[in-house]
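Nothing in this text is a laboratory measurement; each read-out follows from the coordinates by a stated rule. None of these values were measured; they are calculated from a predicted model. Methodologically, a virtual Cβ is constructed for each residue, glycine included, from the backbone with ideal geometry; neighbour enumeration extends over all protein chains shown.
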Amino acid sequence: SFLQNPNDAYQRFACMPSGLEDGLFRDEEALRNLMVVRNPIDTSRRLEESWTPKEDVKYFFHADLAQKQDRAAVACAHVDKWVHMGKVDGHDWVAPVVVVDFVCWWTPEKNMPIDLTDVGNWIVGLKRRSIPIGIVTTDRWNSLDFQNQLKSVNIKTDTLSVARKEYDDLQMAVYDGRVFLPNIELLLTELMQLRIINDKKVDHPRSGSKDLADAVAGAVHNAVAYTPRHESTIVEARDMTTLKRAEKPVAIEKPEMPPGIEEWLRRMKAI
């Protein structure tokens, strides 16, 4: 399996420290412990031949487009299973476990902007490898031609502007140990640099970036939003009230509920 023990990962996040008040992610070691997926993209941006899609699984993409100043990045994710997390207000809480399968990115060079047609061709190449693509979303910037390129080969597309909501959902999946990410140092750096600005938006420091992070947040959102839940796919039960403490717990009796969790739980009831 590409995963370590998911219960161990959850236990680490259950004891997540409360420092870095404006940081979206507060524990670098715990986040790194969820980055257990080998990114199967080589230095020429080719998806390794050994990577094959799972049977009866659809894969969902988000492309963060850029040409001159920022990187363009594409992330792919799927729902691996659904787990019963317990009860909230008397209702069953069933939540998805999401795997981010890979991330690919393009970096602009001096006097050589990124050709978005190349990014589109890369995604089309995945379809030609018979990877079942559920949808590819993009932000609004310069997306019309890009989306039309994908639609011309019958790839479903839509517009998604990754914002606070998508990052709140990613934060909760991380907090619960329900998302597994590619082991990419740049992705870790971007996630750890994310800050909540005026309690309204998520952004990076002036010298930082969030291109890969946006692609991942969008792909995770799409995987959850477009994957139907069937009762037969609930293969694991997890009782949040009986989890053991981590091996090195912080000095708190009970972790505080992070911002947005109550709203997130209400949304989860509707899934």
Summed side-chain charge close to Ala219 - residues other than Ala219 whose Cβ falls under 11 Å, Lys, Arg +1, Asp, Glu -1: -4
Asp22-Trp141 FRET efficiency (beta carbon distance; Förster radius 25 Å; 0.05 resolution): 0.45
Directionally averaged shadow of the stretch 165-214, computed from the convex hull of its alpha-carbon atoms, nm²: 3.6
Distance violations [Cα-Cα > 23 Å] among Lys58/Lys81; Lys151/Lys210; Lys58/Lys201; Lys54/Lys81; Lys54/Lys127; Lys58/Lys87: Lys151/Lys210; Lys58/Lys201; Lys58/Lys87
The stretch 130-224, dipole about Cα centre (Lys/Arg Cβ +1, Asp/Glu Cβ -1), debye to the nearest 20: 180
By average C-beta atoms within 10 angstrom, highest first, the peptides 110-123, 38-51, 184-197, 65-78: 65-78, 184-197, 110-123, 38-51
For Asp203, net neighbour charge (Lys/Arg +1, Asp/Glu -1) across residues whose Cβ lies under 12 Å away: +3
Cα gyration tensor category, rounded, prolate or oblate, for the stretch 47-90 with a/c compared to 1.5: oblate
